[in-house]
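What follows is a set of notes on a single structure, which appears directly below.
The values are calculated or read from the model by the stated rules, or taken from the named source; none is laboratory data. In this text the structure is predicted, and so the values were computed from the model without any measurement. For neighbour counting, all protein chains shown are included, and Cβ atoms are generated from backbone atoms with ideal geometry for every residue, glycine included. Please note that ligands, DNA and RNA were not included when accessible areas were found on the heavy atoms of the full protein model with its side chains. Shrake-Rupley method; radii C 1.70, N 1.55, O 1.52, S 1.80 Å.
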Amino acid sequence: MYSERVSQDKRYLEGLRILVTRNRERVDKLSRQLRRLGAHPVPFPTITIRPVRHPSLKGLKGAETVLFTSTTAVDLFFKHAPASHLEGKKVAAVGPATAAALDARGVRVHLRPRTFTSEAIARRLKGRVFHPAADKSNPDLPRLIPHYTRSVFYRILRPRRRPIPKADLVTFASAQTARNYADLGGDRSLPAACIGPVTARAVRGLGMKIIAQPRRYTIPDLVSAIVQWRRG
């Protein structure tokens, strides 16, 4: 659902071409919400997800907490490990979408930080932590979590270079989508909407102007922030 600030029956974004850089598996959710508000979403994934065939589960058995930082990690974890592997452990989730993916599988989430960043939740974790993650996960986690085991469940790849469609605005839902956009030759003068502070930090580092950033780091709130910018 949208934030209460945005009515679904008003086309606040009429005629606005918005580049959506999420991976192909996630691009539809944001595009649908933008389209309902009158925008013309332009899919241009700047990352590709490649699952690891046989991710290591070493460290899972002795872990006290299992940390999930993406819905992709949730999906892939349960392809390789039954829910019984979580029995007797605490489960931590970064972001409401990740927590919802766990809830849908009947998994109790013990830790859901108000600030949806890896850093915020890491400071609340105690004991041994197992993290099913991407190969490009937050490099600060080993420093923030003393007894930390990361297992790579998927790799984040950059697609081949191809022409980038023209747009009025570009959206970034992760720091890696922004970095890959720049590496692919994206127009850095294009205004950007970012889902959270980690993404925004990467975008500013690329010299791009941020015109929308929600307080809550969710896709519906990102859409609301774009609407607020559009309405002035």
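Take the alpha carbon atoms of segment 89-149, find their center, do the same for segment 166-232, and report the distance between the two centers in whole angstrom.
Segment 89-149 and segment 166-232 have Cα centres spaced 24 Å from each other.
At a Förster distance of 35 Å, what's the computed FRET efficiency of V152 paired with L206, Cβ-Cβ distance as r, to 0.05?
Efficiency at R0 = 35 Å is approximately 0.85.
May I ask you to derive the relative contact order of segment 27-107, considering only C-alpha pairs under 8 Å and at least 6 residues apart, and to give it as an integer percent?
For segment 27-107, the relative contact order is 27 percent.
Roughly how big is segment 73-166's charge dipole about its Cα centre, with Cβ charges of +1 (Lys, Arg) and -1 (Asp, Glu), in debye to the nearest 20?
Here segment 73-166 has a charge dipole of around 380 debye.
What pairs from K90/K126; K136/K166; K58/K79; K61/K89; K61/K90 go past 18 Å between their alpha carbons?
Going by Cα-Cα distance, K136/K166 fall outside the 18 Å limit.
Just read off the accessible area of L76 with the full protein assembly in place, 1.4 Å probe, to the nearest 10 Å².
L76 has an accessible surface of roughly 10 Å² with all protein chains in place.
Which value, in Å² and to the nearest 10, is the accessible area of E119 when all protein chains are kept and the probe is 1.4 Å?
The accessible area of E119 comes to roughly 30 Å².
Once both axes come from the Cα atoms, what is the angle between helix 71-80 and the longest principal axis of the chain, in degrees from 0 to 90, rounded to 10?
Helix 71-80 sits at roughly 40 degrees to that axis.
Rounded if a/c is under 1.5, else prolate if a/b is larger than b/c, else oblate: which is the chain, with a ≥ b ≥ c the root eigenvalues of its Cα gyration tensor?
The shape class here is prolate.
Under 5 Å between amide hydrogens, which residues at least 5 positions from H40 or on another chain qualify, with H placed 1.01 Å from N in the peptide plane?
G15, L16, R17, I18
With unit charges on the beta carbon (Lys/Arg positive, Asp/Glu negative), name the residue among L169, S151, A192 whose Cα is farthest towards the positive pole of the charge dipole of segment 151-232.
Of the options given, the answer is S151.
Mean separation of Cα pairs under 8 Å and 6+ residues apart, divided by the residue count of the chain: what relative contact order is that in percent?
Details: 467 pairs, mean separation 52.3, N = 232.
So the answer I get is 23 percent.
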